[in-house]
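K.L.:
Structure provided below as C-alpha cells; questions to follow.
The values are calculated or read from the model by the stated rules, or taken from the named source; none is laboratory data. Bear in mind that the values here come from a model prediction, so they are computed numbers and not experimental data. Using ideal geometry, Cβ is built from the backbone for each residue, glycine included, and neighbour counts are taken over all protein chains shown. Please note that ligands, DNA and RNA were not included when accessible areas were found on the heavy atoms of the full protein model with its side chains. Shrake-Rupley method; radii C 1.70, N 1.55, O 1.52, S 1.80 Å.
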Amino acid sequence: MPDARSTAVALAKRLTDEGHIAYFAGGCVRDRLLGKAPKDYDIATSAIPEEVIRIFPGANEVGAHFGVVIAKSHGHHVEIATFRTDGSYRDGRRPETVSFSSPEEDSQRRDFTINGLFENPQTGEVIDFVGGKADLDACVLRAIGDPAARFSEDSLRLMRAVRFAVTLGFEIEPATWAAMCGHAAGLARISPERIRDEFSRMIVLPKRARALELLVDSGLIHHFLPEVLELIGCDQPPEWHPEGDVFTHTKIMLTMLADDAPLELCLAVLLHDIAKPPTRTLDGDRIRFSGHDALGATMAEEILRRMRYPNDVIESVSFMVSRHMQFMNVQQMRVAKLKRFMAVPTFPMELELHRVDCASSNGFTENLEFVKAKQVEFAAEPLIPSPLVTGRDLISLGLQPGPVFRDLLESVQTEQLEGRLTGREQALAWVKERI
Ligand code: ATP
Ligand code: MG
C-alpha cells in the first residue's frame with residue numbers, strides 16, 4: 001500500500017493536473033525539513049472547495065466555510081484547504097469570516113514561521129514567504145507578523161507555542177515570548193478541553209519539565225492550573241529534601257521519568273505534592289505536611305475534573321496521589337496487605353512515581369528495592385489468587401449475606417495470601433470453626 005507521502009503526492013498531482021496550485025503546507029513541510037516523519041499531510045490549494053469535491057468525489061467537507069475538505073485514499077486522510085485569508089477575530093478563538101486568497105496570504109494567517117512553509121509536492125522545492133527556513137535552521141520559534149496581534153486573535157496559539165518549542169527543542173524568539181507573557185490572560189477564552197489537549201501533549205514529552213517552566217514563566221499556567229504556582233517557594237525539611245522547594249522537587253521528578261512515561265504517571269508526578277502548601281504546618285522548627293496525600297488526592301480530582309480529563313484518568317491519578325506516601329510503610333506491611341497494595345493496575349506507575357520521588361530528593365532506594373524483591377518473590381502465582389471459599393459456600397453453611405459475610409471472606413483471603421490456608425477443604429474447615 002502506498003505510504004502517506006506518496007498518497008498525498010498523488011492527490012496533489014490530481015489538483016495540478018486540473019490547473020490548480022497544490023502545495024504541502026504547515027507541519028508536514030516542517031517535519032520533512034527536520035528529518036522527521038510527518039504525522040499527517042496537509043495540502044493547500046488554489047482550488048475552491050466545490051472544485052476540490054468535484055475532483056475527489058468521495059471527499060468530506062469538514063469546514064466548507066473555512067475551505068477545508070478531507071480526502072481519503074489508501075487508508076490515509078489528507079486535509080485539502082483552499083488558500084485563504086482569515087477575517088477579523090472578535091472572540092479570540094475563530095475568525096468571523098475567511099476569504100479565499102493566494103499562497104502568500106495563506107502563509108501569513110498561520111501561527112509560527114516554521115509552520116508557514118509550503119512545499120511543491122512534485123519537486124520537493126520549499127516555498128517560504130515567512131522566513132521559516134532560517135528559523136528552522138536556527139531552532140527558533142517565532143510568530144508570523146506581529147506576535148501580539150497573533151496571540152490576541154487566537155489564544156490557543158499561546159499553548160501551541162509552548163508545545164512546539166518543547167517538542168522541537170527550540171528557543172522562543174524574544175518578541176514572541178514577550179507577547180505570550182503579555183497575552184497569557186487570553187487563555188481564559190479558550191475551552192478547557194482545548195487547553196487540556198495541548199497540555200496533555202506537552203506533559204508527556206521527554207522535556208516535560210521545560211514545558212512546565214515555560215507555562216509558569218509565561219503566566220499561562222495561572223489560567224488553568226494555578227495550584228502548581230503555590231509549590232514555588234513551599235520549603236521542605238532540608239534533611240529529606242536537599243534539592244529545595246516542592247516545585248523544584250516536582251520538576252526534577254518530571255525530568256527523571258522515562259521519555260515515554262504515560263499521561264497518568266506524568267500527571268500524578270505533577271500533582272503528587274499539590275496539597276503540601278495547604279497542609280504545611282510548623283511543629284517547633286519542624287515542617288510537616290500531615291495529610292497532604294489524602295488532600296492531594298481530592299485536589300487532583302478537582303483539578304483534573306475542571307480540566308475535563310476523562311474519569312478513568314482522574315481516578316487513576318487521584319488514587320496514585322492518595323497512596324504515594326504508603327511506600328514508606330511497605331517493609332512493615334503484613335504479607336496480605338502488601339500483596340493487596342501491589343495488586344492494583346496502577347502499581348507499576350506508582351512504583352515509578354516512588355522511584356523518582358526518592359531519586360529527586362533524599363536518594364533512598366530501600367523501599368523500592370524491597371518492593372522489587374517482593375515482586376520477584378511473588379511472581380510464581382497471581383498476587384490475588386482465585387478464592388478458596390466463595391459467598392455461595394457461606395450460604396450453604398447457613399450464613400446470610402451482609403457485613404459479617406464480607407469480613408469472613410476477607411479473613412479467608414488474608415489467610416490465603418499469607419500462606420496459612422492453601423486448600424479449599426482446609427479453608428472450609430477454618431470457616432466452620434469460626435461460625
Ligand atoms: P502537529 O505535528 O502537531 O500536527 P502541525 O504543524 O501539523 O503540527 P496542526 O495543528 O496539524 O499542526 O495544523 C496544521 C497547520 O495549520 C499548522 O502547521 C499551521 O500552519 C496551521 N495552524 C494550525 N493551528 C493554527 C492556529 N491556531 N493558528 C494559526 N495557524 C494554525
Ligand atoms: Mg498536523
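K.L.:
Hey, what do the phi angles of region 261-277 turn into as Karplus ³J(HN,Hα) couplings, whole Hz, using 6.51/-1.76/1.60 and θ = phi - 60°, x for Gly and Pro?
P.N.:
4, x, 3, 4, 5, 4, 5, 5, 5, 4, 9, 4, 10, 4, 9, 5, x
K.L.:
Here's a follow-up. Using a 1.4 angstrom probe on the protein heavy atoms only, could you order I395, I252 from most to least accessible area?
P.N.:
Of I395, I252, the descending order of accessible area is I395, I252.
K.L.:
Give the carbon-plus-sulfur fraction of the accessible surface of the chain in %, rounded to a whole number; probe 1.4 Å, heavy atoms of protein chains only.
P.N.:
Carbon and sulfur atoms account for 53 percent of the accessible area of the chain.
K.L.:
Mind checking which lysines have their Cα closer than 17 Å to the Cα of K36? Skip sequence neighbours fewer than 8 apart in that chain.
P.N.:
K133
K.L.:
Step through the residues of region 85-95 one at a time and calculate ³J(HN,Hα) from phi using the Karplus curve (6.51 cos²θ - 1.76 cosθ + 1.60, θ = phi - 60°), rounding each to whole Hz and writing x for Gly and Pro.
P.N.:
My calculation for region 85-95 gives 10, 7, x, 6, 10, 9, 9, x, 9, 9, x Hz in order.
K.L.:
Distances longer than 24 Å among the Cα atoms of region 123-241: what percent of all pairs is that?
P.N.:
32
K.L.:
If eta is 1.002 mPa s and T is 20 °C, what Stokes-Einstein diffusion coefficient results for region 256-402, Kirkwood Rh from Cα pairs, in µm²/s?
P.N.:
D, rounded to a whole number, is 123 µm²/s.
K.L.:
Show me the ranking of peptides 401-413, 73-85, 260-272 by mean Cβ neighbours inside 10 Å, starting with the highest.
P.N.:
260-272, 73-85, 401-413
K.L.:
If you wrap region 198-267's Cα atoms in a convex hull and average its projection over all directions, what's the area in nm²?
P.N.:
Average projection, Cα convex hull of region 198-267: 4.7 nm².
K.L.:
As a test of reading the structure, rank W240, W430 by solvent-accessible area (1.4 Å probe, protein chains only), most first.
P.N.:
W240, W430
K.L.:
State in Å² the accessible area per residue of the chain; use a 1.4 Å probe, count heavy atoms of protein chains only, and round to the nearest integer.
P.N.:
Computed with neighbouring chains in place, this is 47 Å² per residue.
K.L.:
Which entries of K374/K432; K72/K207; K13/K72 have Cα-Cα distances beyond 23 Å here?
P.N.:
K374/K432; K72/K207
K.L.:
Fully extended, how many nm does the chain gain between T279 and F405 (0.36 nm per residue separation, minus their Cα-Cα distance)?
P.N.:
Extra length from T279 to F405 when fully extended: 41.5 nm.
K.L.:
Cross-link candidates for K372: which lysines have Cα within less than 19 Å, leaving aside residues fewer than 8 places away along the same chain?
P.N.:
Candidates past the 8-residue exclusion: K337, K339.
K.L.:
If amide H atoms are built 1.01 Å from N in the plane of the peptide, which residues on other chains or at least 5 residues away come under 5 Å of the amide H of R84?
P.N.:
Hits under the 5 Å cutoff: S101, D106.
K.L.:
In addition: Name the most mobile residue of G391, G296, G363, meaning the one with the largest mean-square fluctuation, in a Gaussian network model of the chain with Cα contacts below 10 Å.
P.N.:
G391
K.L.:
Moving on. Using a Gaussian network model on the chain with a 10 Å cutoff between Cα atoms, which of V376, V140, V29 fluctuates the most?
P.N.:
Highest fluctuation of the listed residues: V376.
K.L.:
Could you compute Rg(Cα) / (2.2 N^0.38 Å) for region 206-324, with N its residue count?
P.N.:
Compared with the compact-globule rule of thumb, region 206-324 sits at 1.03.
K.L.:
For the chain, count the residues as N, evaluate 2.2 N^0.38 Å, and divide the Cα radius of gyration by that value, please.
P.N.:
Computed over Cα atoms of the chain, the ratio equals 1.28.
K.L.:
Next question, about the same structure. For region 1-132, treating each Cα as an identical point scatterer without solvent, what Debye log10 I(q)/I(0) comes out at q = 0.12, 0.16, 0.17 1/Å?
P.N.:
Evaluating at q = 0.12, 0.16, 0.17 Å⁻¹ gives log10 I(q)/I(0) of -0.42, -0.77, -0.87.
K.L.:
For region 1-64, take N as its residue count and report Rg(C-alpha) divided by 2.2 N^0.38 Å.
P.N.:
Compared with the compact-globule rule of thumb, region 1-64 sits at 1.15.
K.L.:
Compare the Cα positions of M342, P310, A380 along the charge dipole of region 304-382 (+1 at Cβ of Lys, Arg; -1 at Cβ of Asp, Glu; about the Cα centre) and return the one farthest towards the positive end.
P.N.:
Of the candidates, P310 comes out farthest on the positive side.
K.L.:
What does the extension gain come out to for E302 and A373, with contour length at 0.36 nm per residue minus their alpha carbon separation?
P.N.:
Fully extending the segment from E302 to A373 adds 22.0 nm.
K.L.:
Considering only DSSP beta bridges with both partners in the chain, what is the antiparallel share in %, to the nearest 5?
P.N.:
Expressed as a percentage, antiparallel bridges in the chain total about 80.
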